[in-house]
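Note sheet for the following structure.
The values are calculated or read from the model by the stated rules, or taken from the named source; none is laboratory data. Predicted model, so just to flag it, every value in this text is computed and none were measured. Cβ coordinates were reconstructed from backbone atoms using ideal geometry, including for glycine residues, and neighbour counts include every protein chain displayed. The protein model used for the area step is the full one, side chains on, heavy atoms only, and it has no ligands, DNA or RNA in it. Shrake-Rupley method; radii C 1.70, N 1.55, O 1.52, S 1.80 Å.
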Amino acid sequence: MVTPRKLPPPGAALQPSVPPSTWLLLIAAWAVVGAFTVFGAGWLGPSMTPVTAGIAFAALFVTILAASFGVVKEADHLAHALGEPYGTLILTLSIVLIEVVLIASVLLGPGDFPTIGRDSIFAVMMIIMNLVMGLCLIAGYGRNGHQGYNAQGTASYLSMVVLLASIALVLPKYLSGAGEFTTFQAIGITAVTAVVYAVFLGLQMRSHRKLYMEPAPGLDADPARHAVGLLPQPARTDTKFLVLRSALLIALILPIVLLAHHLAVVTDYGIAAAGAPTALGGVLIAIIVFTPESITAVKAAMNNEMQRAINLCLGAFVSTVGLTVPAVLVIGLVTGKQVIMGISNMETVLYIATVALGMLSFNGQKTSAVQGWMHLALFAIFGLLLFSP
């Protein structure tokens, strides 16, 4: 759930002004789109060299990452204007849409990467729940000491992580399809995952809203002592503001969609040429998609908004599994592409350790930097095993 950092005074109208930096970003992103639309076939064709691939990758990576920052910024503006639950929904759908587009581009690209969905989801889990959460715990403690949070809402996130990730990533390896779902299983898993996530999101945004709010100052994480009404009310919105920001949001998402295929081609080439692990493609997607939200989460922890940091981190992963898994399975069913979801034994151990550490780190008490260092250590192990399994 997104908790706005600052809002105008109650009743104030939001103005539709856009800073020059946003227009520059938009112009630059569409200029890159135009260049690759006209010259991309020649640059990334059979005669592509390592130098050309490196330059193209740098241009595509920087453009897509910058556009992702812009998408999060515009979604945040709309969240401020519309308030909850609509702000959360806009931000979540914007982020996951980018992830699905990037995964689909690799899955449907010229290379054979049937594990890209699994690799991306697992990489998101390790980055968000270990690297980013570890940084949040350490940075939050360094600035504010031990921090309170809403234990019941955090526990519900962790429960969703256990349920959805176990079904999507662990269960397939024990089925007869050697990591794949059969057509009937894929349809059933898609339906169950989508329904469970929809129910969770509906409860989170309505009747269970208070479980995801910051505890009142001085209160501990006891779920019986929630603070209510701490989310600021949205400012009086201007129709021009909503239309302009919505248009900018779409205009920044479209370059990502249009450039995703080119990035997939360059990534395939680079992984093959360097002999790098195929899972590196999933890590790359996770970095592109969740870097902006990760920075926001660390800033929230430093601003003594630990519950907001938890909402961003755990909520991001729950949304990733709840929306990306159905999308990837549907793509596989429609196109006939092979989709392997089951993780390896080594990754299963890391998954269990991540979930167990998360439950112990948020066991109803205040946060501690000690657990933060433990999360970072687990992420370091993931990085080590990524290149030396």
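Annotation: Val132 fulfils all but one of (1) more than 27 Å from Ile287 (Cβ to Cβ); (2) in contact with a helix residue (DSSP H, G or I) (Cβ under 7 Å, 6 or more places away or on another chain); the unmet one is (1).
Taking region 195-209 as the range and being under 18 Å from the mean Cα position of the chain (by Cα) and surrounded by fewer than 17 Cβ atoms within 10 Å (Cβ to Cβ) as the test, only Ala198 passes. Considering the conditions (1) more than 25 Å from Gly188 (Cα to Cα); (2) open to solvent by less than 10 Å² (accessible area, probe 1.4 Å), Gly322 is excluded by exactly one of them, (1). With respect to the stated conditions, Ala274 fails to be of a type outside the set (D, E, K, R) and either open to solvent by less than 30 Å² (accessible area, probe 1.4 Å) or at pLDDT 85 or above (or both).
Within region 34-65, how many residues turn out to be buried (at least 17 other Cβ atoms within 10 Å of the Cβ), part of a helix (DSSP H, G or I) and in contact (Cβ under 8 Å) with a residue 24 or more places away in the chain? Full working, then the answer.
Of all residues in region 34-65, those buried (at least 17 other Cβ atoms within 10 Å of the Cβ) come to 36, 40, 43-44, 53, 56-57, 59-61, 63-64.
Next, only the ones that are part of a helix (DSSP H, G or I) stay: 36, 40, 43, 53, 56-57, 59-61, 63-64.
From what is left, the residues that are in contact (Cβ under 8 Å) with a residue 24 or more places away in the chain are 36, 40, 53, 56-57, 59-61, 63-64.
Total meeting the criteria: 10.
Entry remark, region 134-189: residues being of a type in the set (Phe, Trp, Tyr) and in a helix (DSSP H, G or I) number 4 in total.
For (1) free of Cβ contacts under 8 Å to residues at least 60 places away in the same chain; (2) part of a helix (DSSP H, G or I); (3) not hydroxyl-bearing (Ser, Thr, Tyr), each residue gets a yes or a no:
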{"site": "Leu329", "(1), (2), (3)": "no, yes, yes"}
{"site": "Gly342", "(1), (2), (3)": "no, no, yes"}
{"site": "Ala353", "(1), (2), (3)": "yes, yes, yes"}
{"site": "Ala356", "(1), (2), (3)": "yes, yes, yes"}
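Residue-wise test of (1) among the charged types (D, E, K, R); (2) farther than 24 Å from Gly177 by Cβ; (3) modelled with pLDDT under 90.
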site	(1), (2), (3)
Ala309	no, yes, yes
Ser319	no, yes, yes
Pro326	no, no, no
Val330	no, no, no
Thr335	no, no, yes
Gln338	no, no, yes
Leu360	no, yes, no
Leu376	no, yes, no
Phe379	no, yes, no
